[in-house]
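Novice: Handing you this structure, nothing more for now.
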Amino acid sequence: MEVNSRKALLEVQELLEIAEDRSVKAGEFIFKEGEEDSTFYIIIRGTVEIIKKTSDGEEKIITNLKTGDILGEGVLADRTLKPNSAKALTDTSLLAVSRDNFDALVKSNAKVGVNFLLHILALVNERLIASNVRLL
C-alpha cells in the first residue's frame, strides 16, 4: 500500500486546489520543534530529515522522508505544536495545506476528506511498523 498511498495523496485534485506551493532550499527548516504551525505538508520533490531533541539537548535524526510522504500531519488531530523539526536535505518542493482549508474541504466534500485521511492513516501505520522493526 505504500506506493499507492503516496501516489493517491498527490492525485487528490481537491487537495491540490487548496494547497499552497512552497520551496525550501537544502539545509533550511520547514518547521522547528516547539513551533506553533497549523499546516501539514506533502513532499512533491526532495528529501526531508525529521529531527528530535533529546532530554540532554542533543539532536537525533528520527527518519528521512521523500517524495509523496507527509509531515506535520498532527494538525489533523488538532496538534499544532510541532513535536520535532523538519529540515530539507535537498532542495525540496512541498504542498502546504492549512488545517482551516482542510476542514473546509471536508465540509464541502466529506468523501474526499475521508479518502485522504485513510491514505494518511496508511502512511502513518507504515511509519509505525518501520519504527518497530528498527527498534527490534
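Novice: Quick check on the range 68-81: of everything there that is assigned to a loop (DSSP other than H, G, I, E, B) and touching a residue at least 24 places away in the same chain (Cβ under 8 Å), which residue is farthest from ILE30 (Cα to Cα)? Full working, then the answer.
Specialist: Taking the range 68-81 first, the residues assigned to a loop (DSSP other than H, G, I, E, B) are 68-69, 72, 78-80.
Of the ones still in play, those that are also touching a residue at least 24 places away in the same chain (Cβ under 8 Å) are 68-69, 72, 80.
Details: GLY68: 16, ASP69: 14, GLY72: 10, THR80: 14 Å.
Once the filter is applied, the top-ranked residue is GLY68.
Novice: If you go through the range 82-89 one residue at a time, do you hit one that is open to solvent by 40 Å² or more (accessible area, probe 1.4 Å), assigned to a strand (DSSP E or B) and modelled with pLDDT of 95 or more?
Specialist: So in the range 82-89, the residues open to solvent by 40 Å² or more (accessible area, probe 1.4 Å) come out as 83, 87, 89.
From what's left, assigned to a strand (DSSP E or B): 87.
Narrowing the set further to residues that are modelled with pLDDT of 95 or more leaves 87.
For the range 82-89, residues open to solvent by 40 Å² or more (accessible area, probe 1.4 Å), assigned to a strand (DSSP E or B) and modelled with pLDDT of 95 or more: present.
Novice: Report yes if ILE61 is under 20 Å from VAL24 (Cα atoms) and either charged (D, E, K, R) or in contact with a Gly (Cβ under 8 Å, 6 or more places away or on another chain) (or both), otherwise no. Explain how you work it out, then say what you get.
Specialist: On the way: under 20 Å from VAL24 (Cα atoms): yes; either charged (D, E, K, R) or in contact with a Gly (Cβ under 8 Å, 6 or more places away or on another chain) (or both): no.
So ILE61 does not fit the description; no.
Novice: Is the range 106-116 home to any residue that is open to solvent by 60 Å² or more (accessible area, probe 1.4 Å), of a type outside the set (Phe, Trp, Tyr) and not in a helix (DSSP H, G or I)? Working first, answer last.
Specialist: Let us first name the residues in the range 106-116 that are open to solvent by 60 Å² or more (accessible area, probe 1.4 Å), namely 107-108, 111, 114-115.
From what is left, the residues that are of a type outside the set (Phe, Trp, Tyr) are 107-108, 111, 114-115.
Then keep just the ones that are not in a helix (DSSP H, G or I); that gives none.
Taking every residue of the range 106-116 in turn, none turns out to be open to solvent by 60 Å² or more (accessible area, probe 1.4 Å), of a type outside the set (Phe, Trp, Tyr) and not in a helix (DSSP H, G or I).
Novice: Still on this structure: Check LEU65 against each of (1) in contact (Cβ under 8 Å) with a residue 24 or more places away in the chain; (2) surrounded by 12 or more Cβ atoms within 10 Å (Cβ to Cβ); (3) at negative phi; (4) out of contact with any Lys or Arg (no Cβ under 6 Å at 6 or more places or on another chain) and name the one condition it does not meet.
Specialist: LEU65 satisfies all of (1) in contact (Cβ under 8 Å) with a residue 24 or more places away in the chain; (2) surrounded by 12 or more Cβ atoms within 10 Å (Cβ to Cβ); (3) at negative phi; (4) out of contact with any Lys or Arg (no Cβ under 6 Å at 6 or more places or on another chain) except (1).
Novice: Looking at ILE70, ILE62, can you tell me which residue is of a type in the set (A, V, I, L, M) and over 12 Å from the mean Cα position of the chain (by Cα)?
Specialist: ILE62
Novice: Restricting to the range 96-136, name every residue that is without any contact (Cβ under 8 Å) to a residue 60 or more places away in the chain and under 15 Å from the mean Cα position of the chain (by Cα).
Specialist: Selection gives LEU117, LEU118, LEU121, VAL124, ASN125, LEU128.
The values are calculated or read from the model by the stated rules, or taken from the named source; none is laboratory data. It should be emphasised that the depicted structure is a prediction, and the values quoted were computed from it without experimental measurement. Because the Cβ atoms are built from the backbone with ideal geometry, glycine has one as well, and the counts that use them run over all protein chains shown. Heads up: the accessible areas ignore ligands, DNA and RNA and are worked out on the full protein's heavy atoms, side chains in. Shrake-Rupley method; radii C 1.70, N 1.55, O 1.52, S 1.80 Å.
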